[in-house]
Amino acid sequence: MDIELRQKIEDGFEHFAHLIYCNHWKVLFLVFILVIGLASQLSRLTMDTSTEGFLHADDPAMTAYDRFRNQFGRDGVLVVAVTAADVFDLEFLARLKQLHEELRDNVPYLDDITSLINARNTRGEASTLIVEDLLEQWPEDAHALAAVKQRAISNPLYRDLLLSGDTTTTVIVIKTDVYSSIGVETEEVMDGFDDVFEGDMEVASVEREFITDAENNELVDAVHRIAERYNGPDFQVRIGGGPEVMYMLKQTMQTNMTRFIRLALATIAVALFIMFRRISGVVLPLLVVILSLVSTLSVMAIAGIAFKLPTQILPSFLMAVGVGASVHVLAIFFSHLQQGNGKEESIVYAMRHSGLAIVMTSLTTAAGLASFAGAEVAPISDLGILASSGVLISLFFTILLLPALLSVIPLKAKRSVSAGRRHERMDRMAIGIANFATSRYKLVLALSSIILVIGILGAMQVRFSHEPYKWMPESMSVRQAGDFLDQKMGGASMVEVIVDTGKENGLYNPKIIKGLERLKHEVEQIKDGPLIIGKTLSVVDIIKETNRALNENRQAFYTVPDNHALIAQEFLLFENSGSDDLEDFVDSQFSKARFTIKMPWTDSIYLDRLSVDLEKRFHQQLGHDVEITVTGINALLGRTMTATIYSMTRSYVIAVVVITLMMILLMGDLRMGLISMIPNLIPIILTVGVMGWLDLPMDLFTILIGSIAIGLAVDDTIHFMYNFRRYYGETGDVADAVRHTLLTSGRAMLVTSIVLCIGFCIYMFSILTNLFNFGLLTGFSIAMALLADFFLAPALMTLIYKLDAAAVKE
């Protein structure tokens, strides 16, 4: 940007400031009317902690999962585990029955409930197939109880599904409704069954909303209230499973957001007071960021975007980021006011001096954040759109509202010895840094190079991970319950495989059923690092039970029949037995089958590999004419991690390219624009290096740091480079230009960086480890960026101008 163009823009800001000063009451009235109108929509804000919320509705993985839910219901189950010395005790079973019935009768949105009380017991009597509850005939004495115990431990279906191997733990499995009840009357729900297509798995003629996050919370709340009354030393109750994890994450998110906003307000207020030592210096920037936040959240509500796990950082993030522009304007305004100038003149001078710089810093920050907008992970895309919008809204309030507020508030220069001494100390520090960086520039560049190499070596060791379950500390009840279920019951999370034969009654084919039987044994042996399989469930279990029952209950017949007609007959007999369990595993046309894989919670980085492996194994056993779809909550988690890595790679490239082009435009010189990016990129490399050296994972949150940090780090670089070029043009001396730059903009750069560091470090107060890491690393990145702008940028300028001078002499 040449000098003439820059002066025209500065003249424009000067004229704009005069205009605001003369019409301040009109501006204030219009701004506050706008904010009040937007704020009226805040009540529409919602939260969504579901795994489904991580992906866009049109993502192929989500459309496959929606088809699965429409056919077979929700795969995420709530698991109530109960532990005693031995579950086969009459007193224990009586209490278990009470708990089962109370849950069945009082928990909302419950689709099905299964425990030892009503577990499927398939047997034959003469030539009749009987499918009954395990405890349909209640044992009255020790002999009858022993017979029940023998039936239970000899049934392979119960083991690790309802009963632990040592018979000290049993579980109640609660399957929730798949659809929301919002706006649907009971009669309408029942009428929906008449709309099922007979020839396809697609269900209702009227598309309905799936169960909501709020309804999930209501269900889990009810289970907690009931379970709490039964919990005791001889009847220990633990609650786990996907709905419980969602519930606890939402509770944690609500706690975190409230805590973060309070801490952000407090830390920003303290930092502002330390810098300005004026009430107005605290209140005015806070008013700007609060109004910006309210406006952004209102836009979020209007757009129907829910708060999700990554977007919980948005309020405190916008408060920390949005205060920077106000600080730069106020720093110049108060400095000019202290020199004895009038208020109007100081406002005009501040806007002329900093107007272009704060516009460019806001645009570059917004550009870094907007690079998330195209992400395949929905909440990251939301964060990119909302955070970049929030930064621009904050810019709008800074250049429009802040001058108007300064115009109406009575302000005057402060005359105090302490204020003068404080400014002298900061000036001496700025001069000392400038002198060191320019006179010892070779040392600064050498040390920077060594640190950069160390950072690169650390970055090469970074590992990817996405494990929301492990974000929660081990002290949380949901984490303890999950770890217990992983150890005792083989886990409580699911991967689902849908086998589509493509033809009606395709499941009568012995090749398909026997292939599923082989896959049961094969899949249960899969092990990939920490990933292990706990248990598999499919229609094969029902066929084998039925075949054994129809052959005098002999264990030798616990097999899959070889005959097509016999398989069809056994399906028919089971359907007519009164049990509806078959609906959980096949469609009405017997063309599609569900194969459920139960496993412990594990790192999502392994889940995408598992999906690929399962698809390959199923095709090998069943043939390539069968369509295989891997879905379920765990498959969505695997897809989320893959989409995150791809999206963030693209985001980093977009952010670096766009911000580099903007720096070139601001500098008006290709070489200087490229050089100015060095102090912005090195802090990011160092941060990734720290992650590698400390073995901190690159997860859904820490992967955001790069684009966020470069968008923020470049702000101080813009203020430094913009003012450096101005003062160098006036003096022609690099050292003098650096000193003037740090004396004018350095104080604001320091304070805004401190506010940003503290603003991000407040995430270290989170209960969740992923937010702790995010706050720590982003704060570190901002601190490194400030040091780079104070030391590396002046050293680079000294080197470049010395080389230019030497080239001219030659």
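The values are calculated or read from the model by the stated rules, or taken from the named source; none is laboratory data. No experiment lies behind these values; they were computed from the predicted model shown. Methodologically, a virtual Cβ is constructed for each residue, glycine included, from the backbone with ideal geometry; neighbour enumeration extends over all protein chains shown. Accessible surface is based on the protein model in full, side chains and every heavy atom, while ligands, DNA and RNA are left aside. Shrake-Rupley method; radii C 1.70, N 1.55, O 1.52, S 1.80 Å.
Some observations on this one:
- Remark: A446 falls outside the filter, which requires a residue to be touching a helix residue (DSSP H, G or I) at 6+ places or on another chain (Cβ under 8 Å) and either small (G, A, S) or open to solvent by 60 Å² or more (accessible area, probe 1.4 Å) (or both).
- Of all residues in region 360-386, those being surrounded by fewer than 23 Cβ atoms within 10 Å (Cβ to Cβ) and at pLDDT 90 or above number 2.
- Among the residues listed as D500, D528, the single one being over 25 Å from G165 (Cβ atoms), among the acidic types (D, E), open to solvent by 20 Å² or more (accessible area, probe 1.4 Å) and in contact with an Asp or Glu (Cβ under 9 Å, 6 or more places away or on another chain): D500
- Filter pass, K503 being touching a residue at least 60 places away in the same chain (Cβ under 8 Å), assigned to a loop (DSSP other than H, G, I, E, B) and outside the structural domain of D166 (by TED's automatic domain parsing): yes
- Flag for D75 being open to solvent by 40 Å² or more (accessible area, probe 1.4 Å), touching a residue at least 12 places away in the same chain (Cβ under 8 Å), within 25 Å of G240 (Cβ to Cβ) and not in a helix (DSSP H, G or I): no
- Inspection of region 182-190 identifies at least one residue that is outside any helix (DSSP H, G or I), out of contact with any Pro (no Cβ under 6 Å at 6 or more places or on another chain) and among the charged types (D, E, K, R).
- Applying a threshold of 8 Å to beta carbon distances and a minimum spacing of six or more residues, or different chains, the list of pairs starting in region 211-226 at a residue that is assigned by TED's automatic domain parsing to the domain that holds M246 and ending at one that is open to solvent by 10 Å² or more (accessible area, probe 1.4 Å) and acidic (D, E) reads I211/D177; D213/D48; E215/D177; I226/E102.
- Checking every residue in region 62-75 against the condition of being out of contact with any strand residue (DSSP E or B) (no Cβ under 6 Å at 6 or more places or on another chain) and aliphatic (A, V, I, L, M) gives zero matches.
- Residue count, region 751-787 (criterion: of a type in the set (G, A, S), assigned to a helix (DSSP H, G or I) and open to solvent by 10 Å² or more (accessible area, probe 1.4 Å)): 1
- Residues of region 453-480 that turn out to be farther than 22 Å from Y606 by Cβ and open to solvent by less than 60 Å² (accessible area, probe 1.4 Å), as a count: 5
- Looking only at residues of region 637-660 that are closer than 24 Å to L799 by Cβ and open to solvent by 10 Å² or more (accessible area, probe 1.4 Å), we find that the one that is nearest to the chain's Cα centre (by Cα) is V656.
- All strands (runs of 3 or more DSSP E) inside region 109-177 with 1 or more residues being buried (at least 19 other Cβ atoms within 10 Å of the Cβ), of a type outside the set (S, T, N, Q) and touching a His at 6+ places or on another chain (Cβ under 9 Å): 110-114, 169-176
- Selected residue (criterion: nearest to D587 (Cα to Cα)) from residues of region 514-545 that are outside any loop (DSSP other than H, G, I, E, B) and touching a strand residue (DSSP E or B) at 6+ places or on another chain (Cβ under 6 Å): V539
- Flag if D715 is in contact with an Asp or Glu (Cβ under 7 Å, 6 or more places away or on another chain), crowded, with 24+ Cβ neighbours inside 10 Å and under 23 Å from F334 (Cβ atoms): no
- Any pair with Cβ under 6 angstrom, 6 or more apart, that starts in region 282-297 at a residue that is more than 16 Å from I313 (Cβ to Cβ) and ends at one that is buried (at least 18 other Cβ atoms within 10 Å of the Cβ) and among the aromatic types (F, W, Y): V288/F397; L291/F397
- Single condition V734 does not satisfy, out of (1) farther than 27 Å from P285 by Cβ; (2) open to solvent by 50 Å² or more (accessible area, probe 1.4 Å): (2)
- Any chance L566 is over 36 Å from the mean Cα position of the chain (by Cα), open to solvent by 30 Å² or more (accessible area, probe 1.4 Å) and either within 30 Å of K470 (Cβ to Cβ) or among the hydrophobic types (A, V, I, L, M, F, W, C) (or both): yes
- Inclusion of E575 among residues that are at pLDDT 95 or above and surrounded by fewer than 18 Cβ atoms within 10 Å (Cβ to Cβ) is not warranted.
- I393 vs. criteria closer than 25 Å to S647 by Cβ and modelled with pLDDT of 90 or more: yes
- Evaluating L297 against the criteria (1) closer than 26 Å to E101 by Cβ; (2) part of a helix (DSSP H, G or I) leaves one unmet condition, (1).
- Residues of region 546-571 satisfying the condition of being in a helix (DSSP H, G or I) and touching a strand residue (DSSP E or B) at 6+ places or on another chain (Cβ under 7 Å): T546, A549
So that you can scan it fast, the table gives a plain yes or no per residue for (1) closer than 23 Å to D669 by Cα; (2) touching a Cys at 6+ places or on another chain (Cβ under 6 Å); (3) in contact (Cβ under 8 Å) with a residue 12 or more places away in the chain:
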{"site": "T731", "(1), (2), (3)": "yes, no, no"}
{"site": "R739", "(1), (2), (3)": "yes, no, yes"}
{"site": "V755", "(1), (2), (3)": "no, no, yes"}
{"site": "I758", "(1), (2), (3)": "no, no, yes"}
{"site": "I762", "(1), (2), (3)": "no, no, yes"}
{"site": "N773", "(1), (2), (3)": "no, no, yes"}
{"site": "V808", "(1), (2), (3)": "yes, no, no"}
